Each structure stands twice: as structure tokens, then as C-alpha cells.
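S.K.: Below you will find the structure I want to go over with you.
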Amino acid sequence: MQINLLNNKFAGPMTLIGRLPAALNFIFVTLILGFAGSTQAQSEQLDIYTENYPPYNFLVNDQLTGFSTEIVREILYRIHLPNKEISVLPWARAYNYLKNRDNVMLFTTARTAQRQYLFKWVGPIASREVYLYKLKKSAKVVVDSFEDAKKYMTTAVRDSATANQLMAMGFREGKNLELIHNEDLSFAKFIYGRAQLINKVPMAMAMELKKYDMTMDQVIPLIPLDTGTFYYLAFSLGTDDEIIREWQAALDEMKQDGTYHKLQQKYLQ
């Protein structure tokens with residue numbers, strides 16, 4: 001039986017190329033390779049930033065690792081940029097670059113309503129459930145509502161989704177909200193009593209406590225701050241749309257072939 005490849009819905013691009021005249025073959029292949037090369041060249045121009053925020057992105061012996069980090073590195077491998085550099089910066093500085101420079105990608109970034117139209121997005125990569133915590137030993141700190149919480153000092157990272165949400169709820173910097181430039185210092189303020197409250201994702205809280213030889217039994221979750229948003233990779237608005245499509249396609253492929261699930265099991269379960 002003879003099959004008409006030009007009318008066969010299962011025929012791939014390379015099959016069709018074989019049926020074209022030689023001159024058209026050359027033009028077609030040149031266009032395909034040129035388009036792919038152009039996208040890769042654009043991705044090479046990306047400046048990629050993250051912060052120290054376990055279990056998503058964190059340093060172990062000066063080596064960057066974590067759930068989101070491995071996702072980003074796997075995407076880079078799949079788009080043929082395995083050696084692309086990732087820089088670790090304080091969140092506030094990296095977020096400023098994301099807002100004000102072209103060709104910047106920042107992870108792990110909460111996709112909130114406030115940020116929706118400020119950036120381009122690839123994801124989701126993880127759900128986000130944030131709770132207000134106090135130290136268990138702080139018996140005098142009594143919080144049943146966010147109005148109660150305003151009586152105490154809460155620490156948060158400047159320009160983080162958490163900080164933005166708290167300020168939208170009426171918390172004021174210097175009065176009941178202390179904004180810090182990075183997660184480590186913010187958490188230290190909480191542990192040493194400079195702030196009575198902090199907002200964290202439970203798994204991030206557990207990993208931060210380990211640094212102080214503490215466990216989740218030594219903190220108390222009080223109120224959920226946010227249980228309806230997700231973490232994404234955020235790209236500056238000036239990033240070419242083809243890069244967004246390429247990264248999203250690679251992430252979707254990871255979810256389909258099981259790679260994403262294996263990383264979830266490794267870091268988030």
C-alpha cells in the first residue's frame with residue numbers, strides 16, 4: 001500500500017522536507033535552523049536571578065540547589081543552554097532588576113493579582129500557602145485575626161508578595177511591619193525576638209528552623225495569609241514572547257515525562 005506523505009496527518013516536518021525540491025529543502029531547513037538559533041541566542045541574553053529561599057532555591061556549600069533551581073536548570077538543559085549562569089541576590093535587588101531591566105528572569109516568584117501585568121510568566125511550578133507564625137515560647141503574643149497581628153511587629157522581605165499583601169491589609173512599615181532585604185535576616189529578626197510574627201510557607205519555615213536546630217514544634221501557625229496563589233518563573237516585560245513559549249513548552253514537557261513529579265517528591269514531600 002502506498003501512503004501519500006504530503007496528505008498524511010502523521011507525517012513530520014523532516015518527512016515533508018524530503019518530498020520538497022532541493023532548493024526548497026535548503027530554504028526550509030535554513031529557516032527552521034535560523035529560527036531555533038535566534039530563540040537560543042535570545043535566551044542566552046537572559047539574566048537569571050534568584051534568592052536564598054529554601055526549599056525552592058538555596059545554597060549548600062556555596063552551591064545553588066532546590067526545587068525551583070533544578071526546574072530552571074532542567075529547562076536550560078532542554079533548550080541547549082546547560083551552562084547558563086544563575087546569580088543569587090537579595091530579593092529586593094533582584095526584583096528591582098526584574099521591574100526595570102529587559103531580559104531578566106527571577107525565581108521563585110508568586111504570581112499575585114498585583115504583579116499579574118507587571119511581568120511575563122512561565123509556570124506554575126508550585127502552589128503557595130503562607131501562614132502567619134509566632135514562636136511557641138511567646139505566650140504573651142495572642143493573635144486571632146490580622147487586626148490582632150497589627151499590635152505586634154511582623155517581619156517580611158521588602159518587595160515580596162507577603163510584604164505587599166500585608167501593606168495592602170493596613171500594616172505599616174516602622175509601626176507594625178519591618179521590611180528586610182533578604183530572607184535570612186528577616187528570619188533571624190523573628191528568631192531573636194526583634195519581630196514577634198513572620199509569614200512563611202510551611203516547608204520553608206521547617207527548613208529555616210533547621211538552621212537554628214529548631215523544629216516546627218517550636219512555632220505556632222496562627223492565620224493563613226494566602227492559600228490561593230502559585231509560584232512561577234517571572235520574566236521582565238521586555239522579554240521576547242518566543243522565549244516565554246520555549247520555556248513554557250520545556251516545563252510542560254517536564255510535567256508530562258515525569259521529571260517534574262520526581263523533583264516534587266525530592267523537595268516538597
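S.K.: What pairs come up if the first residue lies in region 162-177 and is part of a strand (DSSP E or B), the second is crowded, with 16+ Cβ neighbours inside 10 Å, and their beta carbons are under 7 Å apart, counting only those six or more places apart or on different chains?
M.R.: GLU173/LEU179; LEU177/THR154; LEU177/ALA156; LEU177/LEU166; LEU177/PHE171
S.K.: If you take the residues in region 160-195 that are over 18 Å from GLU129 (Cα atoms) and among the charged types (D, E, K, R), which one is farthest from the chain's Cα centre (by Cα)?
M.R.: Looking at the filtered set, the residue picked out is LYS175.
S.K.: Regarding region 242-263, can at least one residue be identified that is in contact with a Lys or Arg (Cβ under 8 Å, 6 or more places away or on another chain), in a strand (DSSP E or B) and at pLDDT 95 or above?
M.R.: no
S.K.: Any chance region 208-224 includes a residue that's over 26 Å from LEU106 (Cβ atoms), of a type in the set (A, V, I, L, M, F, W, C), outside the structural domain of PRO55 (by TED's automatic domain parsing) and free of Cβ contacts under 8 Å to residues at least 40 places away in the same chain?
M.R.: Yes, region 208-224 contains at least one residue that is over 26 Å from LEU106 (Cβ atoms), of a type in the set (A, V, I, L, M, F, W, C), outside the structural domain of PRO55 (by TED's automatic domain parsing) and free of Cβ contacts under 8 Å to residues at least 40 places away in the same chain.
S.K.: Among the residues of region 127-138, is any more than 16 Å from TYR49 (Cα to Cα) and aromatic (Phe, Trp, Tyr)?
M.R.: yes
S.K.: From (1) touching a residue at least 40 places away in the same chain (Cβ under 8 Å); (2) within 18 Å of ILE243 (Cα to Cα), pick out the condition that doesn't hold for TYR117.
M.R.: For TYR117, the exception is condition (1).
S.K.: A further question follows. Report, by residue number, each residue of region 178-200 that is at pLDDT 95 or above and in a loop (DSSP other than H, G, I, E, B).
M.R.: Within region 178-200, TYR192, GLY193, ARG194, ALA195, GLN196 qualify.
S.K.: Give me the residue from region 222-269 that is polar (S, T, N, Q) and more than 30 Å from PHE171 (Cβ to Cβ) and, out of that set, surrounded by the fewest Cβ atoms within 10 Å (Cβ to Cβ).
M.R.: GLN269
The values are calculated or read from the model by the stated rules, or taken from the named source; none is laboratory data. Model, not experiment: these values are computed from the prediction. Using ideal geometry, Cβ is built from the backbone for each residue, glycine included, and neighbour counts are taken over all protein chains shown.
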